[in-house]
Amino acid sequence: MQIPSELSRYIRDALQSGQSQEDIAKSLRAANWTDTEIDAALAGWLHQDGAGAVPRPMRSTAARDALFYSLLFVVFGMVVGSTLTLLFAQINIWLPEPGESAAYGRLSGLRWSMAALIVFVPVFWALDRKDRQASTADPARKHGTVRRWLSALAMLVATITLLGDALYLIYSWLDGQITLRFLIKSATVALIAAVVLAYFGETRKIPNMAIPLPAGWILIGLAILSLVLTFWQVGGPAQGQIEQRDQWRISDLRTLANDVAQCTGIDRAALPATFDPMTCARNPARLTGFASDITYVRTSASAFSLCVQVEYPAAVDGYDLRLDGNTACIDRSTD
């Protein structure tokens, strides 16, 4: 650990004045220095008769501490941000605004936040537990410079977030825009900010436990709750594979629709009644195996539809598509 320069100078002067290590330690304890700090500072000096106080080499652990606490705070931030994202998504699902259309595509995009929680929640638990154990063995650890600065920065951000949340809430109330969903989102932001303040503001004197901090319990509980609810709404790997296959189908459908509309191998003024759209594919190598499932239907002399069966219509982006049950179609004209 890094020894404060004023403590080191005091011990040097005390040793040179003839005080014993026991007396020096007693004086320092009365000044609220911890035993770990006292022992480390005393170990930094060798007292020899006639030579005075001779300094011993002290190896700094500042770089290691900076790495550990930077990692802990980054992981903590990832857990907080991902949890807030998933909680907001759940609020949007359970409390839709009037006239708001259901867009499954926005939910499937939550898999990044789900993956982040699966990775970072166990890492946060392990790092926090390690820090707790180290702080129990060395109470002076909580006074480390890197830790205090990062804690102060996190608390500053949380405080500003709380104030901003209150400001926007009051403004929306004055502007007549308060809704139940808005109130719950504001309360969620306030709760997360309070968890951050509690985590970094506590004294770390709670006995060592599997998940020692009340704030840690709350954060991990919220993360697990939001993750489980999102799994229920979005689905797991099997659902992701279904959606990926549908994305390939729709991509092939759009590509072939444009190719057929511009195809020079057919009479575009009098489209054929039956036709294999693959014959107009300008770059077949870019299409997937699902392209062969696309069917052609002439709707007029110069208009046609290309259709394909999808597995999960709710996840299909409806832009420029016509969905009828499990059938996705694109209408094009050669005019």
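Starting from residues that are of a type outside the set (Gly, Ala, Ser) and more than 17 Å from Ala137 (Cα to Cα), keep the ones in the range 33-46 and report whichever is most open to solvent (accessible area, probe 1.4 Å). First the steps, then the outcome.
Step one: list which residues in the range 33-46 are of a type outside the set (Gly, Ala, Ser), which gives 33-39, 42, 45-46.
With the extra rule that they be more than 17 Å from Ala137 (Cα to Cα), the set shrinks to 42, 45-46.
Numbers: Leu42: 16, Trp45: 28, Leu46: 59 Å².
For the range 33-46, the residue satisfying everything is Leu46.
Being in contact with a helix residue (DSSP H, G or I) (Cβ under 8 Å, 6 or more places away or on another chain), closer than 30 Å to Gln233 by Cβ, open to solvent by 60 Å² or more (accessible area, probe 1.4 Å) and not aromatic (Phe, Trp, Tyr) is true of Ile184. Starting from residues that are at pLDDT below 70 and small (Gly, Ala, Ser), keep the ones in the range 97-143 and report whichever is nearest to Arg64 (Cα to Cα). Restricting to residues being at pLDDT below 70 and small (Gly, Ala, Ser), the top hit is Ala140.
Can you confirm whether the range 278-296 contains a residue that is in a strand (DSSP E or B) and either over 14 Å from Leu256 (Cα atoms) or of a type outside the set (Asp, Glu) (or both)? Steps first, answer last, please.
Step one: filter the range 278-296 for residues in a strand (DSSP E or B), giving 295-296.
Okay, now just the ones that are also either over 14 Å from Leu256 (Cα atoms) or of a type outside the set (Asp, Glu) (or both), so 295-296.
Yes; the residues of the range 278-296 include at least one that is in a strand (DSSP E or B) and either over 14 Å from Leu256 (Cα atoms) or of a type outside the set (Asp, Glu) (or both).
Counting residues in the range 257-266 that are outside any loop (DSSP other than H, G, I, E, B) and under 26 Å from Ala314 (Cα atoms) gives one or more.
To keep it simple, each residue is scored yes or no on (1) modelled with pLDDT of 80 or more; (2) surrounded by fewer than 12 Cβ atoms within 10 Å (Cβ to Cβ).
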{"position": "Pro55", "(1), (2)": "no, yes"}
{"position": "Arg59", "(1), (2)": "no, yes"}
{"position": "Ala62", "(1), (2)": "no, no"}
{"position": "Phe68", "(1), (2)": "yes, no"}
{"position": "Val74", "(1), (2)": "yes, no"}
{"position": "Ser82", "(1), (2)": "yes, no"}
{"position": "Leu87", "(1), (2)": "yes, no"}
{"position": "Asn92", "(1), (2)": "yes, no"}
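For the range 268-290, the set of residues classified as aliphatic (A, V, I, L, M) and open to solvent by 70 Å² or more (accessible area, probe 1.4 Å) consists of Ala269, Ala285, listed by residue number. Right, Thr179: modelled with pLDDT of 85 or more and crowded, with 16+ Cβ neighbours inside 10 Å or not? No; evaluated as a whole, the condition is false for this residue. Screening Asp293 against (1) acidic (Asp, Glu); (2) open to solvent by less than 80 Å² (accessible area, probe 1.4 Å); (3) closer than 21 Å to Gly325 by Cβ leaves a single unmet condition, (2).
The values are calculated or read from the model by the stated rules, or taken from the named source; none is laboratory data. Fair warning: this is a prediction, and the values are worked out from it, not measured in the lab. Counting neighbours? That spans all protein chains shown, and the Cβs are built from the backbone with ideal geometry, glycine included. Note: areas computed on protein heavy atoms with side chains; ligands, DNA, RNA excluded. Shrake-Rupley method; radii C 1.70, N 1.55, O 1.52, S 1.80 Å.
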